[in-house]
1. Cα-Cα over 30 Å: which of LYS31/LYS200; LYS198/LYS254; LYS144/LYS249; LYS31/LYS254; LYS39/LYS144; LYS200/LYS249?
2. Could the peptides 151-159, 32-40 be put in order, highest first, of the mean number of other beta-carbon atoms found within 10 Å of their residues?
3. Translational diffusion coefficient, Stokes-Einstein: compute it for segment 47-179 using the Kirkwood radius over C-alpha pairs as Rh, at 37 °C and 0.692 mPa s, and state it as an integer in µm² s⁻¹.
4. How much of the DSSP beta bridge set in the chain is antiparallel, as a percent to the nearest 5?
5. With all protein chains present, how much of the accessible area of the chain (probe radius 1.4 Å) comes from carbon and sulfur, to the nearest whole percent?
6. Can you work out the FRET efficiency for the pair ARG66 and ILE244, with r the C-beta to C-beta distance and R0 = 35 Å, to the nearest 0.05?
7. Taking Cα atoms, how many degrees apart are the long axis of helix 12-27 and the longest axis of the chain, rounded to 10 and kept between 0 and 90?
8. Taking one equal scatterer on every alpha-carbon of the chain, how large is log10 of I(q)/I(0) by Debye at q = 0.10, 0.12 1/Å?
Amino acid sequence: MRHLMSPLDFTTDELDKLFDLANEIEANPTKYAHACDGKILATCFYEPSTRTRLSFESAMTRLGGRVIGFSDANSSSAAKGESVSDTIRVISCYADICAMRHPKEGAPMVAAERSGIPVINAGDGGHQHPTQTLTDLLTIRTLKGRLNNFTIGLCGDLKFGRTVHSLIHALSRYENINFVFISPEELRVPDYIIELLKEKNIPFEEVVRLDEVLPSLDMLYMTRVQKERFFNEEDYIRLKDFYILNTEKMQLAKEDMLVLHPLPRVNEISVEIDDDPRAAYFKQAQYGVYVRMALILTLLGLA
């Protein structure tokens, strides 16, 4: 039995196979329409989610399986004080695979240690978001044709953004990746990630202004400033509009630069960008379904 806690749980070769399967599912969806007949996915979401939870449910439904679960901790026995360990032991009696989101870092790992079924980390606090990272990698590989030899700018909340942390870890295994971190001082990427890049001799730079680095980027990964990660509202209000990508800024970018965003978007990408052929964030959301379909099949041993 295998779990997914981090994007590093799969080797790059295993990721290639997973992405090949996701691309095949996209091309031949009817071939996989009954691949999970009789299987049940439990979605245990202890904090709010739209895209991740619904994409998991869509993925399992498209594979012919069924879904049970909860979308809020208050609608589960956690409200009565039940531990994650006990919850997953019970869920293991009801389902074949589980996707768990939790506000506490490491909670899905605790669940995996006690689980009788595969557990997928669907986001734990500000730590990891591996299935979003798989989505990001699939999007890049499908639209760019490679996962090496490019410069990527990551912009916005780089301190609390678990999607950013996971993506940096994952891309650090590929050749000739250059990172540009674009954020205000208060939201800079954590020191442990900087140390990781230094240890691996991976080039990076930290800047405050987006417009000064846009011309050099092959990809721009935008993130929202997350209100739920702040301890006081004053800091959130001061920083929430620090970066807004609009048509004027996009004129500085390469003609083939991809704009990615894990969503939800607040106002950091102007809606006028949606019609720009370089905007890939809604395609990204679609690829999230395909990669989760491939992941479910893989962890259930059906691929």
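1. Details: LYS31/LYS200 42 Å; LYS198/LYS254 28 Å; LYS144/LYS249 22 Å; LYS31/LYS254 38 Å; LYS39/LYS144 34 Å; LYS200/LYS249 32 Å.
LYS31/LYS200; LYS31/LYS254; LYS39/LYS144; LYS200/LYS249, as the Cα separations exceed 30 Å there.
2. Values: 151-159: 23.2, 32-40: 15.7.
Per-residue mean Cβ counts within 10 Å order the peptides as 151-159, 32-40.
3. Working: Rh = 16.3 Å.
Answer from the Stokes-Einstein relation: 201 µm²/s.
4. Numbers: 1 of 35 bridges.
The antiparallel fraction comes to roughly 5 percent.
5. Working: 6350 of 13320 Å².
C and S fraction of accessible area: 48 percent.
6. Working: r = 42 Å, r/R0 = 1.19.
With R0 = 35 Å, the Cβ-Cβ based efficiency is 0.25.
7. Long axis of 12-27 versus the principal axis of the chain: about 80 degrees.
8. One equal scatterer on each Cα of the chain leads to -0.54, -0.79.
The values are calculated or read from the model by the stated rules, or taken from the named source; none is laboratory data. Just so it is clear, the model here is predicted, and its values are computed rather than measured. FYI the Cβ positions are ideal-geometry reconstructions off the backbone, even for glycines, and counts take in every protein chain you see. For the accessible areas, the whole protein counts, side chains as well, though only heavy atoms, and no ligand, DNA or RNA atoms are used. Shrake-Rupley method; radii C 1.70, N 1.55, O 1.52, S 1.80 Å.
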